[in-house]
1. What is the spin-label model distance, in nm, from residue 66 to residue 229 if the labels are put 7 Å beyond Cα along the C-beta direction?
2. When the Cα centres of segment 148-203 and segment 74-128 are compared, how far apart do they sit, in Å?
3. Which net charge results for the neighbourhood of residue 30, defined as the other residues with beta-carbon distances under 14 angstrom from its beta-carbon, given Lys and Arg at +1 and Asp and Glu at -1?
4. Arrange 185, 83, 221 by Cβ neighbour counts within 10 Å, fewest through most, would you?
5. Can you give the net charge of the other residues whose Cβ lies under 15 Å from the Cβ of residue 177, counting K and R as +1 and D and E as -1?
6. Using the structure shown, select from 147/194; 188/239; 194/239 the pairs with a Cα to Cα distance greater than 26 angstrom.
7. Multiplying the sequence separation of residue 165 and residue 194 by 0.36 nm and subtracting their Cα-Cα distance, what value in nm do you get?
8. Give the angle, between 0 and 90 degrees and rounded to the nearest 10, that separates the Cα long axis of helix 2-22 from the longest principal axis of the Cα atoms of the chain.
Amino acid sequence: MKTRRLILAGLASVLALVSTADAQLNVVATLADFGAIAREIGGDHVDVSVLAKPTEDEHFVDARPSFVIKLRNADVLIEGGAELEIGWLPPLLQNARNEKIEVGAPGRVVASQGVRLMNIPDNATRAAGDVHALGNPHYMIDPIIAKTVAQHIAQTFSTCDAANAALYDANYNHFAATIDAKLQEWGKAMLPFKGANVVAYHDSWPYLAHRFGITIDTFLEPKPGIPPSPSHLAEVIDKMRAQNSKAIILEPFHNRKIAEKVAAATGARIVDAAQYPGALPGTDTYVELIDALVSRLTVALGGQ
């Protein structure tokens, strides 16, 4: 009987070890780009939930009670920081009361940490529109920055799940190598359009412009978050004609009729674009998203 008890105890210990080794990290990402990269880094060892829809305005996410439950059960939280989710994430975290993902905890990833943000305003007041005092938070659309964030995610997964650290590191190295190779391809495709003037509805694209050498400094919004007036649109149309602007970047949640009106008056093409994987057909991964953006921009700028 004693021998049987010892055998059963040994089996229980082995099963507990197997269960621990096979357990997945419960990861919550605020936005789809963080979620897509988390899946690439974590593979089968993570279960990733994304709060915001990829077609949703990240500043005004429809926070639901189910989000609190997901955050309460999370081992890791990946957020953008830089005030990107400031309008909806803090109340959810307060209700979740999860020590694992508190600020400074091992399971909290603030992706903007270590990123040199662009467009930091000298005086961030409401008169300037919905500007961010810490700088433009739409940095993930730059593949170089995305690679840095992926490394941060891999390090966090390794801290929270040391048994699989080698796998997370290997997956990060694969992701980084893929980005490095694709940058050559993307850069070559965009090179003929270096310096081209591109118009956007909202100021979401300075990092893409910087990475690929185009100019995006004309916006259908007179100020971030402020609806366009007829007089402002008239100024935009005059400027586009003078600069021979051929493309207007439009995100899913912006007013398409306004963009179509400007396009009709200038001969420019609307580039249906998005910041997040999954918002455009065939863009479930981060690399597929940048592929689609580069392809759509080059078609519009090349007049094909």
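Every read-out reported here was derived from the displayed coordinates using simple, explicitly stated rules and does not represent laboratory data. For clarity, every value in this text was computed on a predicted model and none was experimentally measured. Here Cβ is always computed from backbone atoms with ideal geometry, including for glycine, and neighbour counts include all displayed protein chains.
1. In this crude label model, residue 66 to residue 229 measures out at 4.2 nm.
2. Taking the Cα centre of each part, segment 148-203 and segment 74-128 sit 20 Å apart.
3. Details: positive: 53, 64, 70, 108; negative: 33, 56, 57, 58, 62, 79, 83, 85.
Combined, the nearby Lys, Arg, Asp and Glu give -4.
4. Details: 185 12, 83 17, 221 20.
Ranked by crowding around the Cβ, least crowded first: 185, 83, 221.
5. Details: positive: 147, 182; negative: 40, 169, 180, 185.
Neighbour charge sum, excluding residue 177 itself: -2.
6. Over 26 Å apart, Cα to Cα: 188/239.
7. Details: separation 29, 0.36 × 29 = 10.44 nm, distance 4.07 nm.
The residue 165-residue 194 span can extend by a further 6.4 nm.
8. Roughly 10 degrees, rounded to the nearest 10.
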